[in-house]
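Nothing in this text is a laboratory measurement; each read-out follows from the coordinates by a stated rule. Here the structure is a predicted model, which is why all the values come from computation and not from measurement. Cβ coordinates were reconstructed from backbone atoms using ideal geometry, including for glycine residues, and neighbour counts include every protein chain displayed.
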Amino acid sequence: MLGGFGAMRRTLAAVTLSAFILSGCGGRATGVMTPVGSVQPGTSQVNLLVATTRAPDTDPGVLFSGERGTGLMVNAVDVSIPPEANRKVGQVQWPTRLPADPLRNFVTVSVDPLQGEKAGEGWLKGHMPKSRRVLIFVHGFNNLYEDAVYRFAQIVHDSHADVAPVVFTWPSRGSIFDYNYDKESTNYSRDALEELLRRTADNPAVSDVTIMAHSMGTWLTVEALRQMAIRDGKVASKINNVILASPDLDVDVFGRQFASLGKEKPHFTIFVSRDDRALALSRRISGNVDRLGQIDPSVEPYRSKLEAAGITVLDLTKLKGGDRLNHGKFAESPEVVKLIGDRLIAGQAITDSNVGLGEAVGAVAIGAAQTVGSAASVAVSTPIAIFDPRTRRNYDAQLKRLGQSVENTAGSVGDSVGAGLPSQ
């Protein structure tokens, strides 16, 4: 009886989650991958390299289905994005009917298949920025081919990232009811992603590779890196940064995966949010083991383990999400998207940005009448809380110095005011 009740609760949760997700996709046109062939004045264009393990679809407007293909296929895809006056940062504006209005909607401009074992090398050479950086995006659960392409086009455009953008899209059926199929599809795609990462890192035109993965795609990403480390004894040296957004990863499994990457690991940055409803369901159906994307990085045992591993965590719990599941904050929040482009991809210290502890301490230092308690409260109330090992080691020292500074300043102000008062 109790087992039946538990199953019923899980089913009800899945149906509720389905309603959340499907409500966000209602009225969307089918066939958006049909290229229009031209760019309208006033729009922006994002050029993407798209690699996939999906099977081709018979409909050219769909291009690739959610079924599994027989190898890695690569396309050059150009996407048109509406003028900034007609959209908000973080939004993907889907057409409700075709042909789409490029001044209001995302539109596919061109799709060019690239053939051969070295498919994509020529594209990378022709689209390499001065930074010579490549950003590879791996999408998450419940994504169609066009979902991955348009979402990454939005991230690249809104972040102003100085990169050559590459999408790796694996066989997801785009259905909330195919969670297990999607999970097995990530396993199916590990070798192909490892191959793509190796090709990119071996390309002499490339100097630096950042991987950004979302949700279930984080499992695929870390597994591919683990395979590379086991095969080669290390992760390719050009792969310097790995960003895991809302990772749908068992924390215990991630610990094992991370340890397998060897001594010279890429730097990991993790976006977490304790109000992520999609990960709450994933936790429920995965044995009630914490998902990496839902942990509280300020409490033990995570605090110490993250510090020892040198992993930076951005806690987005207090950041207002653009979706009701709070599962896509990394792409929909203007603050986070800007942070990705300005700092993370460039390999700069995240603590140098104007968010989190730095902003809190700076705000209190400017207002000398405030107290150390105020510093702590500002740090807690900032929308993006940063937990970086380098910051954590200096946190108490900063607050101590700040407290002394405030006391000294307040004392000086009191002495000056007292000196100007008439004697009683």
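Determine by what factor the alpha-carbon radius of gyration of region 170-259 differs from 2.2 N^0.38 Å, reporting the quotient. Mind showing how you got there, number by number?
Values: Rg = 13.4 Å, N = 90, 2.2 N^0.38 = 12.2 Å.
Region 170-259 yields a ratio of 1.10.
Taken along the Cα-to-beta-carbon direction at a fixed 7 Å, the label points for residue 30 and residue 187 span 3.1 nm.
How much length is gained on full extension from residue 67 to residue 39, taking 0.36 nm per residue of separation minus their Cα-Cα distance?
7.0 nm
A Förster radius of 30 Å, combined with the Cβ-Cβ distance separating residue 180 from residue 88, puts the computed FRET efficiency at roughly 0.30.
Please arrange 139, 160, 214 by counting, for each residue, the other beta carbons lying within 10 Å of its beta carbon, fewest first.
Details: 139 25, 160 12, 214 29.
Ascending number of Cβ neighbours within 10 Å: 160, 139, 214.
Ignoring aspartates and glutamates fewer than eight residues from residue 238 along the same chain, the ones with Cα atoms less than 18 angstrom from its Cα are 121, 162, 194, 195, 202, 208, 223, 264. Amide H to amide H, with H built 1.01 Å from N, residue 67 comes under 5 Å of 55, counting only residues 5 or more places away or on other chains.
Placing pseudo-labels 7 Å out from each Cα toward the beta carbon at residue 309 and residue 264 gives an inter-label distance of 2.2 nm.
I need the peptides 28-39, 71-82 ranked by packing, meaning the mean over residues of other C-beta atoms within 10 angstrom, with the highest value on top.
Numbers: 28-39: 15.2, 71-82: 20.3.
Highest mean packing first, the order is 71-82, 28-39.
Taking label points 7 Å from Cα along the Cα-to-Cβ direction, residue 104 and residue 318 give a separation of 3.9 nm.
Below 22 Å, Cα to Cα, which lysines can residue 338 reach? Residues fewer than 8 away in the same chain don't count. Once the sequence-local lysines are set aside, what remains near residue 338 is 88, 130, 318, 320, 329.
Label zone of residue 125 (point 7 Å out along Cα→Cβ, amide N under 17 Å): in region 180-207 this covers 199-207.
Report note on the peptides 216-227, 324-335, 248-259: ranked by the mean count of other C-beta atoms within 10 Å, highest first, their order is 216-227, 324-335, 248-259. Electrostatic bookkeeping for residue 293 treats Lys and Arg as +1 and Asp and Glu as -1; over the other residues with beta carbon under 12 Å from its beta carbon, the sum is -2. Amide H contacts for residue 44 (H built 1.01 Å from N in the peptide plane; partners 5 or more residues away or on another chain; cut-off under 5 Å): 81.
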